[in-house]
Amino acid sequence: MIRIKNLTKKFDQFVAVDNLDLEIHSGDIVGFLGPNGAGKSTTMKMLTGFLQPTSGSIEICEMDVTKQALKVKQKIGYLPEGTPAYADMTVAQFLHFIAQVRGLKGELKKQRLQTVVTQVQLADVLDKQIENLSKGFKRRVGLAQAILHDPEVLILDEPTDGLDPNQKHQVRQLIQNLSKDKIVIISTHILEEVSAVCNRAVIIAKGKKLFDDTPQALKQKSPLNNAISIEFEGKKPDTSQLRLAPGVIDIIESGPDKVSIVGHQSYDNLFPQIFDIVHLQGWHVKAIYSETGQLDDVFRSMTEEVA
Amino acid sequence: MTSVIFKREFSSFFATPVAYVFILIFLILSGVFTFYIGNFYERGQADLMPFFNFLPWLYLFLVPAIAMRTWSEERKTGTIELLMTLPITTTQALLGKFFAAWAVVGLSLLLTFPLWLTVNYLGEPDNGVIVAAYLASWLMAGAFLAIGICMSAFTKNQVVAFILSVVVCFLFVLSGSEILLSALTEILPVLLIDTIASFSFLNHFEAMAKGVLSAKDIGYFIILMLVWLSASFVVIEHKKAV
């Protein structure tokens with residue numbers, strides 16, 4: 001359980017985090033979204049005790065982050081932005097070092113190291129120096145050190161940034177396979193990631209919380225959510241007929257050969273009427289499909305209002 | 001936890017060429033100073049004074065070189081964020097790093113043992129004095145190191161850290177030198193000059209290198225280390241996230 005109250009961080013005159021309130025419960029996988037410079041990393045640095053808040057408080061597992069810093073740090077696994085690691089060490093040396101600092105000993109240490117190495121697939125590079133690893137492997141080493149002590153709270157700052165699609169997929173799977181009673185906080189500006197792995201999306205911009213709900217709820221904020229799009233074969237015909245169909249509230253020209261039909265909420269299925277119109281008009285149609293809201297658009301409209 | 005940090009730092013000196021280069025250069029230069037410039041043979045005395053007399057000047061450049069990466073590198077590569085979010089305190093990290101570098105310097109001192117063998121082979125030196133002088137050298141190295149570590153906490157740039165610590169160390173060494181003090185007698189009152197001279201590494205070191213281990217000289221170096229390490233603590237806390 002994480003309880004953030006009136007959290008504010010100022011760097012001189014610049015307000016990086018502005019009166020943030022947030023409660024996160026066990027089992028929550030939170031996607032922390034926001035444009036660059038929104039205060040995501042600063043918030044995470046305060047959660048992990050790296051930065052001191054200017055005002056406000058953070059409680060993790062019923063403990064105050066500033067007052068019981070060491071105890072809180074034991075509960076947290078953290079992957080800082082850019083995955084810093086001691087480049088001159090080998091992967092094995094590095095993980096041993098982390099295990100020692102985390103107080104893992106004997107059989108438990110051996111077992112945890114083994115588990116983590118299999119979990120993030122590091123067996124092949126254990127004796128390589130970290131500086132010689134590819135970006136993907138470096139990130140895996142960073143993840144391995146974060147989950148080594150099986151923490152209750154896992155904080156990952158842009159864990160998939162700069163990885164190729166396969167690597168992104170692996171990282172997401174890893175996060176999903178963590179046990180269900182943990183708290184995971186992921187910062188990202190990749191929106192599809194949030195719907196792929198998170199059960200909660202929090203958007204911040206200019207240090208303020210703008211949205212806090214499920215990724216599905218975020219999609220529903222899109223004007224295109226549940227809209228029906230028609231892609232035409234060749235040139236787009238006159239589609240004004242569509243406006244006459246009951247339940248249709250708007251037609252959006254969403255491309256040179258594409259229109260999107262937005263229905264009223266009370267009509268949960270517009271397809272039959274649309275089909276009829278398409279049939280009657282004799283339009284040459286390439287595809288008809290239902291849209292799930294464009295997260296990008298919602299994100300942009302939300303964060304641009306503040307900027 | 002300090003010991004875990006110590007081990008990592010110590011082995012990191014040897015994982016990179018830093019420790020090897022440091023020890024090699026230290027041994028070569030101390031040999032050159034002792035035999036060629038210090039006239040070890042020509043003096044006809046069975047002691048290691050030529051070696052110890054040049055040591056402060058050798059440390060002036062070599063110790064800042066080994067201290068410069070301590071925090072600069074952590075801040076530059078961002079590993080400081082990793083280190084400081086692990087369940088350790090800043091003091092533990094600081095002490096672990098300090099002792100690791102101090103151990104490397106100590107090791108290089110130990111490796112000058114051929115000098116000691118030579119002087120024992122050639123004559124009958126007072127080995128008690130030599131032990132005291134070695135101890136003094138190590139203490140003085142610790143003080144140089146504490147200054148270097150503090151300067152390293154100030155900046156992300158290792159070269160800047162090196163230059164800053166050479167300058168600060170130079171002031172501490174120079175404050176006891178004849179040239180400076182005689183120049184100052186013209187303009188400053190005696191009390192002030194005595195104070196300046198009492199800050200000097202040279203005065204405290206030379207007394208100990210002659211075999212006189214007084215609490216005043218030992219205390220001087222220990223207090224100096226504590227002061228500069230405390231300063232480092234403040235600087236790290238202030239600068240870690242910048």
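The values are calculated or read from the model by the stated rules, or taken from the named source; none is laboratory data. For clarity, every value in this text was computed on a predicted model and none was experimentally measured. Every residue, glycine as well, gets a Cβ built from its backbone with ideal geometry; the counts of neighbours run over all protein chains shown. SASA here: full protein model, heavy atoms, side chains in, ligands and nucleic acids out. Shrake-Rupley method; radii C 1.70, N 1.55, O 1.52, S 1.80 Å.
Do any of A:9/B:156; A:109/B:240; B:210/B:239; A:110/A:209; A:40/A:236; A:209/B:97 go past 32 Å between their Cα atoms, and which? Beyond 32 Å: B:210/B:239; A:110/A:209; A:40/A:236; A:209/B:97. Computed over protein heavy atoms with a 1.4 Å probe, the accessible surface of the protein assembly as shown works out to 47 Å² per residue. Spatially, region B:111-151 and region A:254-306 are offset by 83 Å when compared through their Cα centroids. Each Lys or Arg adds one and each Asp or Glu subtracts one; over the other residues with Cβ under 12 Å from the Cβ of residue B:48, this totals 0.
The mean of 1/r over all distinct Cα pairs in chain A, once inverted, gives the Kirkwood hydrodynamic radius of 21.9 Å.
Candidate cross-link partners of residue A:128 among the aspartates and glutamates, defined by an alpha-carbon separation under 19 Å and a same-chain spacing of 8 or more, comprise A:88, B:9.
Using alpha carbon centroids, what distance separates region A:50-97 and region A:140-205, in Å? About 16 Å separates the Cα centre of region A:50-97 from the one of region A:140-205.
Applying 1/(1 + (r/R0)^6) with r as the Cβ-Cβ distance of residue B:195 and residue B:118 and R0 = 45 angstrom yields a FRET efficiency of 0.65. If you take the alpha carbon atoms of region A:79-171 and fit the smallest convex hull around them, that volume is 92 Å³ per residue. Scattering from region B:1-55 was approximated by placing one identical point on each alpha carbon and applying the Debye formula without solvent; log10 I(q)/I(0) at 0.30 1/Å stands at -1.06. Volume per residue of the convex hull around the Cα atoms, evaluated for region A:21-156, comes out as 130 Å³. What is the diffusion coefficient of chain B in µm²/s, taking the Kirkwood radius over Cα pairs and the Stokes-Einstein relation at 10 °C with a viscosity of 1.306 mPa s? Taking Rh from Cα pairs, D becomes 84 µm²/s.
Hey, what angle do you get for helix B:18-32 against the long axis of chain B, alpha-carbon based, 0 to 90 degrees rounded to 10? Helix B:18-32 sits roughly 10 degrees off the main axis of chain B. Of all DSSP beta bridges confined to chain A, the antiparallel ones make up roughly 65%.
In the distance distribution for region B:147-242, Cα-Cα pairs more than 16 Å apart total 64 percent. Ordering A:145-154, B:185-194, A:120-129, B:26-35 by mean Cβ neighbour count within 10 Å, with the highest value first, yields A:145-154, B:26-35, A:120-129, B:185-194. A simple count of charges around residue A:129, restricted to other residues whose Cβ falls under 13 Å of its Cβ and scoring Lys, Arg +1 and Asp, Glu -1, yields -1. Against the empirical curve 2.2 N^0.38 Å, the C-alpha radius of gyration of the protein assembly as shown lands at a ratio of 1.35.
Restricting the count to DSSP beta bridges whose residues both fall in the protein assembly as shown, what percent are antiparallel, rounded to a multiple of 5? Here the share of antiparallel DSSP bridges comes out near 65 percent.
Across every pair of non-identical alpha carbons in region B:1-122, the mean reciprocal distance, once inverted, gives a Kirkwood radius of 16.1 Å.
Residues of region A:58-100 that bury at least 40 Å² of accessible area when the other protein chains are present, relative to the chain alone (probe 1.4 Å, heavy atoms, ligands and nucleic acids excluded): A:70, A:73, A:84, A:86, A:88, A:97, A:100.
Per the Debye calculation on region A:21-86 with a single equal scatterer at every Cα and no solvent contribution, log₁₀ I(q)/I(0) for q = 0.20 Å⁻¹ amounts to -0.95. Against the empirical 2.2 N^0.38 Å (N residues), region A:177-266 has a Cα radius of gyration ratio of 1.50. The accessible area of residue B:178, taken with all protein chains in place and a 1.4 Å probe, comes to roughly 150 Å².
Against the main long axis of the alpha-carbon atoms of chain B, helix B:127-154 sits at an angle near 30°. Between residue B:182 and residue B:223, the FRET efficiency estimated from the beta carbon spacing at R0 = 35 angstrom works out to 0.80. With R₀ set to 25 Å, the beta-carbon distance separating residue A:258 from residue A:297 gives a calculated FRET efficiency near 0.95. In this structure, the pairs whose alpha-carbon distance is over 28 Å, taken from A:5/A:105; A:168/A:235; A:138/A:221; A:45/A:135, are A:5/A:105; A:168/A:235; A:138/A:221. Of B:145, B:117, B:109, which has the largest mean-square fluctuation in a 10 Å C-alpha GNM of chain B? Per the Cα network of chain B with a 10 Å cutoff, B:117 tops the list.
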